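One structure below.
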Amino acid sequence: DYTVQMALSGTDFENPSELGQTSETSFSMTVGEFNNSLLAAGLPANVEAEIEVRVITDINDDIEQMLSDPISMTVTPYFIDVSYPQIFVPGSYQSASGYGSDWTPADAPPLTSVNSNEQYEGYVYMANGSNQFKFTPERNWDNDYGDNGADGSLEPTGNNIELADAGYYKMNVNLNTLTYTILDTQWGVIGSATPDGWDADQDMTYDPAEKVWTITQNLSAGEMKFRANDAWNLDYGDNEGDGILDQGGSNIQVAESGSYTIILDLSEAPYSFTLSQN
């Protein structure tokens with residue numbers, strides 16, 4: 001079995017990234033996949049950098065791993081900023097929750113349609129109870145949607161939508177059907193890399209100033225995911241290994257044991273995370 005690793009030149013592979021594994025003598029990866037690996041390793045976009053690549057060979061547990069001599073490469077990662085359609089959630093909660101002044105669409109958190117299909121999703125923090133809000137297609141009051149019957153259906157210029165309790169709410173709005181759903185969430189990490197394995201979450205803490213969930217945690221080499229409400233109804237992994245989250249996606253790899261700062265950013269889609277060894 002062969003593992004291809006990448007690291008910054010001069011680091012002696014102290015913190016390597018994995019490009020791929022194979023039991024053959026070659027494997028393929030796209031330019032996009034390679035670029036995502038460079039960005040996930042922390043290389044800045046549009047800046048030339050020197051990396052080294054090596055191959056680790058495993059035969060079986062009784063034979064020591066063999067390492068190839070590293071090959072040097074010069075790379076320049078690229079970044080494409082995609083602008084997705086958004087709607088906004090102005091309301092009475094904004095000032096207390098770190099979103100500017102109350103009832104100001106200009107400062108309100110967004111919901112995003114990553115498929116550009118009039119179906120929007122996002123997370124909104126409400127610090128206090130007795131919250132009221134609406135949805136606006138733009139960062140102004142030219143148009144808005146409320147709910148006259150408190151039944152999950154939207155009406156143009158309808159009544160304010162009310163939530164009694166504080167929370168970190170996942171909101172889904174479908175402007176094709178004029179419907180919406182809201183789910184209160186608490187987030188944690190779980191997996192073979194965490195202290196309780198796949199049996200229990202390690203609870204994260206929400207930082208209202210940075211608008212991210214964080215935890216400092218000792219991890220073992222293994223795998224992990226992000227999970228809401230101590231259940232598998234809503235979880236995020238990483239299919240491409242690029243730091244961008246996918247709902248129900250692949251387990252996130254933890255290469256080696258150590259203390260890590262884990263940051264989960266659900267403030268705006270596409271959602272992302274960082275896993276930094278302390």
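Sorting ASP184, ASP165 by accessible area puts them as ASP165, ASP184; the probe is 1.4 Å, largest comes first, and only protein heavy atoms count. Taking 14 Å as the cut-off, the amide N atoms of the stretch 213-252 that come nearer than this to a point 7 Å along the Cα-to-beta-carbon line of GLN277 belong to 218-222. Between ILE63 and SER101, the contour length at 0.36 nm per residue exceeds the alpha carbon distance by 7.3 nm.
Note on the chain: with charges restricted to the Cβ of Lys and Arg (+1) and Asp and Glu (-1), its dipole about the Cα centre is near 780 debye.
What does a probe at ASN160 reach in the stretch 72-96, counting residues whose amide N is under 11 Å from the point 7 Å along Cα→Cβ? Within reach of a label on ASN160, which here means backbone N under 11 Å from a point 7 Å along Cα→Cβ, the stretch 72-96 contributes 91-94. Computed from phi, the 3J(HN,Hα) profile of the stretch 131-139 under the Karplus parametrisation 6.51, -1.76, 1.60 (θ = phi - 60°) reads 8, 10, 7, 9, 10, 10, x, 10, 7 Hz, with x in place of Gly and Pro.
Work out the P(r) tail for the stretch 141-278: percent of alpha carbon pairs separated by more than 25 Å, whole number.
Value for the stretch 141-278: 36 percent of Cα pairs lie more than 25 Å apart.
Within the P(r) computed for the stretch 1-120, what percentage of the Cα pairs occupies the region above 25 Å? Roughly 51 percent, once rounded to a whole number.
Share of pairwise Cα-Cα distances greater than 19 Å in the stretch 50-199 is 65 percent (whole percent).
Candidates ASN172, ASN233, GLY191 compared by Cα position along the dipole of the stretch 165-241: farthest toward the positive end lies ASN172, with charges placed on Cβ.
Of ARG54, ARG139, the residue with the largest accessible area leads and the full order is ARG139, ARG54 (1.4 Å probe). Here r is the Cβ-Cβ distance between ASP12 and ALA49 and R0 is 22 Å; the resulting FRET efficiency, rounded to 0.05, is 0.85.
When the chain is treated as a Gaussian network with alpha carbon springs shorter than 10 Å, the biggest mean-square fluctuation among ILE182, ILE263, ILE80 belongs to ILE80.
Of the residues ASN143, SER276, ILE71, the one whose Cα sits farthest towards the positive end of the charge dipole of the chain is ASN143 (charges of +1 on Lys and Arg Cβ, -1 on Asp and Glu Cβ, taken about the Cα centre). What percentages make up the Cα-Cα pair-distance distribution of the chain when the bins are 10 Å wide from 0? Over the chain, the share of Cα pairs per 10 Å bin runs 6, 24, 28, 22, 12, 6, 1, 0 percent.
Rg/Rh for the stretch 12-76 to two decimals, with Rh computed the Kirkwood way over all alpha-carbon pairs.
We get a ratio of 1.00 for the stretch 12-76.
Order PHE13, PHE34, most accessible first, counting only protein heavy atoms with a 1.4 angstrom probe.
Sorted descending by solvent-accessible area, the residues read PHE34, PHE13.
If R0 is taken as 41 Å, the Cβ-Cβ distance between THR25 and ASN128 corresponds to a FRET efficiency of 0.10.
The values are calculated or read from the model by the stated rules, or taken from the named source; none is laboratory data. Here the structure is a predicted model, which is why all the values come from computation and not from measurement. Neighbour counts are summed over all protein chains in view; Cβ atoms, including those assigned to glycine, are modelled from backbone coordinates with ideal geometry. In case anyone asks, the SASA skips ligands and DNA or RNA and just uses the protein heavy atoms, side chains included. Shrake-Rupley method; radii C 1.70, N 1.55, O 1.52, S 1.80 Å.
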